[in-house]
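Notes to accompany the following structure.
The values are calculated or read from the model by the stated rules, or taken from the named source; none is laboratory data. Everything quoted here is computed from the prediction, not taken from an experiment. For neighbour counting, all protein chains shown are included, and Cβ atoms are generated from backbone atoms with ideal geometry for every residue, glycine included. Protein only, heavy atoms only, side chains kept; ligands, DNA and RNA dropped before computing areas. Shrake-Rupley method; radii C 1.70, N 1.55, O 1.52, S 1.80 Å.
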Amino acid sequence: MSAAATALPVAEERERAPLAPLSRLRLLTRNKLALTGAVAAAILVLIAVFAPLIAPYDPARPDFSAALHQPSWAHWLGTDDLGRDQLSRVVYGVRASLQIGLLAVALAFAAGVPLGLIAGYYGRFADSVVSRLTDTLLAFPFLVLAVGLATILGPSLLNATIAVGVSQIPAVIRITRAETLRLKHLDYVAAAVANGGGDGTVLFHHILPGALSALTVQATVGIPSAIIGEALLSFLGLGIQPPSASLGVMLSSAQAYIAAAPWMAVFPGLAIIAATLAFNLLGDGLRDILDPQGDSR
């Protein structure tokens, strides 16, 4: 065999080797859209964490003498029909949206990842049961399923989180199952089994780490969906309840004043767009960085 023929597989193996963290960071900085999404997402997280320090007023305290005031130096984003500061309510609304988004995604992963691992690794009966459960949930569109669950559970922050989280479980199951089916036939997994590794060791020490790239991307894509789900539930009165600040609640209150006070709808709407766009851009960038060769999953 010629030296050129020998070098070709070696080059291909190097090309497919996982990128080091520093190399991935460089790729992130070179991807302008992904970097923009990462910075915007970081800013939103900081706003959510430090909301009590950023908000200039109590978001739930009415001031009827300042009702429907236009944006000014006293109220940068104006006030609503009860005189509450819109900037303060948007800040706390972003906090509530990210809280539900992160908790809902965590719930979906806590339930979906083990089920996906079991279905993909054991196959047969386990795969059939989990797949039928997933198909049943996927028969309902995401928002329809979330609204239905929230209606059954009742309106509250906790129930909205559960409803949105359960609605995202099917997507997590499908991605985890697909990754498990792909990874369990690789040589290093077979070697772990041959060396006496138990099912738990193989699943959580060999297969799950290999699936983290796809699951990380799914998490960043799931957060915008959860934010939109929370806004919809709160808009319909099935999520966060007034006077607590929520972007969906603010949009619902703005319906009657859309002509007289358009800022009541514009700024919460822009906050939702900014949050979903930031995490979507970050997710697209992470997909390119974590899977730079574009291998099908």
Report yes if residue 221 is touching a helix residue (DSSP H, G or I) at 6+ places or on another chain (Cβ under 6 Å), β-branched (Val, Ile, Thr) and modelled with pLDDT of 90 or more, otherwise no.
no
Conditions first: (1) in a loop (DSSP other than H, G, I, E, B); (2) closer than 30 Å to residue 34 by Cβ. Residue 230 passes all but one, so which condition is the exception?
(1)
From the set of residues in region 253-281 that are in contact with a Leu (Cβ under 9 Å, 6 or more places away or on another chain) and closer than 15 Å to residue 223 by Cα, which is surrounded by the fewest Cβ atoms within 10 Å (Cβ to Cβ)?
274
By residue number, the members of region 166-189 that are under 20 Å from the mean Cα position of the chain (by Cα) and not polar (S, T, N, Q) are 166, 169, 170, 171, 172, 173, 174, 175, 177, 178, 179
When region 200-244 is checked residue by residue, the ones that are open to solvent by 30 Å² or more (accessible area, probe 1.4 Å), farther than 30 Å from residue 150 by Cα and not aliphatic (A, V, I, L, M) are 200, 201, 204, 205, 206, 209
Taking the options 84, 30, 61, name whichever one is in contact (Cβ under 8 Å) with a residue 24 or more places away in the chain and farther than 30 Å from residue 169 by Cβ.
84
Please work out if residue 55 is open to solvent by less than 80 Å² (accessible area, probe 1.4 Å), touching a helix residue (DSSP H, G or I) at 6+ places or on another chain (Cβ under 9 Å) and either at pLDDT below 90 or under 21 Å from residue 243 (Cβ atoms) (or both).
yes
Quick count over region 107-131, residues being surrounded by 15 or more Cβ atoms within 10 Å (Cβ to Cβ) and within 30 Å of residue 45 (Cβ to Cβ), is 10
Considering only helices (runs of 4 or more DSSP H) wholly within region 85-180, the ones with at least 2 residues that are of a type in the set (D, E, K, R) are 86-122, 124-138
Those residues of region 65-81 which are in contact with a Leu (Cβ under 9 Å, 6 or more places away or on another chain), open to solvent by 10 Å² or more (accessible area, probe 1.4 Å) and without any contact (Cβ under 8 Å) to a residue 24 or more places away in the chain amount to 67, 75, 76
Region 181-199: number of residues that are open to solvent by less than 40 Å² (accessible area, probe 1.4 Å), under 17 Å from residue 118 (Cβ atoms) and at pLDDT 75 or above
3
I want to confirm something. Restricting to region 132-158 and keeping residues that are open to solvent by 60 Å² or more (accessible area, probe 1.4 Å) and under 22 Å from residue 96 (Cβ atoms), which single residue is modelled with the lowest pLDDT?
143
Among residues belonging to region 262-286 that are touching a residue at least 40 places away in the same chain (Cβ under 8 Å) and either among the β-branched types (Val, Ile, Thr) or part of a loop (DSSP other than H, G, I, E, B) (or both), point out the one that is farthest from residue 97 (Cα to Cα).
276
Looking at (1) at pLDDT below 90; (2) under 30 Å from residue 82 (Cα atoms); (3) not in a loop (DSSP other than H, G, I, E, B), which is the only condition residue 241 fails?
(3)
